[in-house]
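Below: the structure, in structure tokens.
The values are calculated or read from the model by the stated rules, or taken from the named source; none is laboratory data. None of the values given here were measured: they were computed from a predicted structure. Every residue, glycine among them, receives a Cβ derived from its backbone with ideal geometry; neighbour counts consider all protein chains shown. Areas reflect the complete protein model, heavy atoms only, side chains present, ligands, DNA and RNA absent. Shrake-Rupley method; radii C 1.70, N 1.55, O 1.52, S 1.80 Å.
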Amino acid sequence: RLVHLDLKGAAPRAQYLEQVLPLLRALGATGLLLEYEDTFPYTGPLELLRAPHAYSPAELRALLSRARAHGLDVVPLLPFPLQFVLKHREFAHLREVKELPNALNPLKEESLALVKAMIDQVMALHEDLQWFHIGCDEVYYLGEGEESKQWLQQQDNTPEKLCLSHIKAVATCLASSYPMVTPIMWDDMLRGMSEETLAESGVPQLVQLMIWDYAADIDVEGKVQLLEKYHRCGFSKVWFASAFKGATGVNQSLTLIGHHLRNQLEWLQVASRSPGDALQGIALTGWQRYDHFSVLCELLPVAIPSLAVCLQTLKNGGYSEKVKENVENLLGMSNLEVDTFMSTSLGTFPGSNILTLVTEVSFYLKSSVDELLERNRYVTGWFSPYHRKRKIIHPIIIHHFQPDAVSLLCKWNAVLHDLQAAMEQVFHRCAIEEWMEENVHPSLQKLQQVVDDLDEA
């Protein structure tokens, strides 16, 4: 049971992750799937890939050592097709389509050299690895570059073969240098391919597939058939990938536990019908962005109750009152809500104060400001945009809503002061800035502007 930490946005500070490790272990995790992206401390020609808040080599070594001490396997994930690399001007010449940083040109020798250099740097910081995830999902525009189009015109060449040859090259690159490490890859690019194409490619002997589906109502029968197909093609081991967050809305701020709980229960049904010992494990994904360029979805501390429910459900083979009690005890929550966003108790897990404050902001900030500015008759009738622009107001009207506006502004500034302080314990400034600009500033600035206009009027 691998917990996926997606570090391509709002990457938590290393100290926070170290605090969370014992909790993950207690909840039933047996490993971490670490998707570093630009938070890995690349060096040499790759140094420009590092984000300003990337982990230092010392931080990562300490974190990985702590994970091992808690009995957690670590599986690094390099998300080929490498959007975070191809967005840089210095690597733009390796794009499949010149204008788009979506896919690596698989026919350039330099592409494979880049892949090898990245794998080598990641491997150098990790000890005793059993698996290495090479990504390979949603590789859009593959085959649409000029070189690929020429390659596809040759006899018997197809887009499927282009994709498989690239996967095979990456997997072989890993296997030849690190024969003890097994590559894992997402399965979506292979789902529609024929058994014959897959079997002849040689890929099934090189990689383990990770079959992902984050829906609350998985097609269980379809998944069983897909498993059987992969098995017939020669994939000896497969993984499942469920989700504990980051799968219900691109700018979602709160996690609906019930959706993710149902997702795990569906996967348990698929597991119960899996052929023999084909199932290697399950990764609980926790996406932080839908892709490298999208906004943040739920922050990790916000989703810890969901992760706890999902892990305990998988560990115990189902969800029950006893599982709910275990989760409440481990999180220090007296009343866990699964079907609404409102868990009334605070919890004592690392970052629980962030969950409380984010819940308050998500539920009440916009609605309270809208209530004042759009449904208060004194504002809509006597201090409309027309009045505000000209700074006209009848003096008596001020007394009808200025105290409410000032009081609301004070209240939200206090909440945001607390939220900022709580977030600074867990996140770097860039993540806090982004979250505030997306979720707080639009409403707060409207309120501040009305208070300023009142003063001036």
Nearest-10 value in Å² for the accessible area of Thr43, using the 1.4 Å probe
70
Pick out, from Leu444, Pro395, Thr285, the residue whose Cα sits farthest towards the positive end of the charge dipole of the chain, with +1 on the Cβ of Lys and Arg and -1 on the Cβ of Asp and Glu.
Pro395
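So, R0 is 35 Å and r is the distance between the beta-carbons of Ala58 and Glu109; what FRET efficiency does that work out to, to 0.05?
For Ala58 and Glu109, the calculated efficiency is 0.55.
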For the residue pair Ala169 and Glu90, what label-to-label distance in nm results when each label sits 7 Å from Cα along the Cα-to-beta-carbon direction?
2.2
Determine the per residue accessible area of segment 204-277 with all protein chains present and a 1.4 angstrom probe, expressed in square angstrom.
37
Expected output is a single nm value to one decimal: the length gained when fully extending between Thr43 and Ala117, i.e. 0.36 nm times separation in residues minus the C-alpha distance. What is it?
25.6 nm
To the nearest 20 debye, segment 50-125 has a Cα-centred charge dipole, built from +1 on Lys and Arg Cβ and -1 on Asp and Glu Cβ, of 180
Span-like helices, the chain: DSSP H, alpha-carbon axial extent 27 Å or more, mean Kyte-Doolittle 0.0 or greater, which ones?
159-177, 395-424
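What FRET efficiency do you get for Lys446 and Thr340 if R0 is 25 Å and r is their Cβ-Cβ distance, rounded to the nearest 0.05? Walk me through the numbers before you get to the answer.
Values: r = 27 Å, r/R0 = 1.09.
The formula returns an efficiency of 0.35 here.
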Check each of the GluC sites (Glu not before Pro) in segment 96-205 and keep only those in coil by DSSP with at most 12 other C-beta atoms within 10 angstrom; list them in order.
Glu99, Glu127
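So, with +1 on the Cβ of K and R and -1 on the Cβ of D and E, and no other charges, what is the size of the charge dipole of segment 353-456 about its Cα centre, to the nearest 20 debye?
500
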Ignoring the sites themselves, what is the longest stretch of the chain with no trypsin sites (Lys or Arg not before Pro) in a DSSP loop and at most 14 other beta-carbon atoms within 10 Å?
274-390
Under 27 Å from Lys149, Cα to Cα: lysines that are on another chain or at least 8 residues apart
Lys87, Lys98, Lys108, Lys116, Lys161, Lys168
Enter the Cα centre distance for the pair segment 227-299 and segment 397-423, rounded to the nearest angstrom.
40
Carbon and sulfur: what percent of segment 2-335's accessible surface (1.4 Å probe)?
49
In nm, the gap between the two label points placed 7 Å beyond Cα toward Cβ at Ala26 and Ala215 is 3.7
Show the residues, 5+ positions off or on another chain, whose built amide H is closer than 5 Å to the amide H of Gln280.
Val238, Trp239
Rounded to the nearest 20 debye, dipole of the chain from Cβ charges on Lys, Arg, Asp, Glu:
520
Given a 1.4 Å probe, the accessible area of segment 292-403 per residue, as a whole number of Å², is 48
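Between Val250 and Arg50, take the C-beta separation as r, use R0 = 22 Å, and let me know the FRET efficiency to the nearest 0.05.
Taking R0 as 22 Å, the efficiency between Val250 and Arg50 is 0.30.
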Please state the relative contact order of the chain as a whole percent: Cα pairs under 8 Å, 6+ residues apart?
14
Contact order normalised by length for segment 317-370, with contacts defined as Cα pairs under 8 Å and 6 or more residues apart; what percent is it?
22
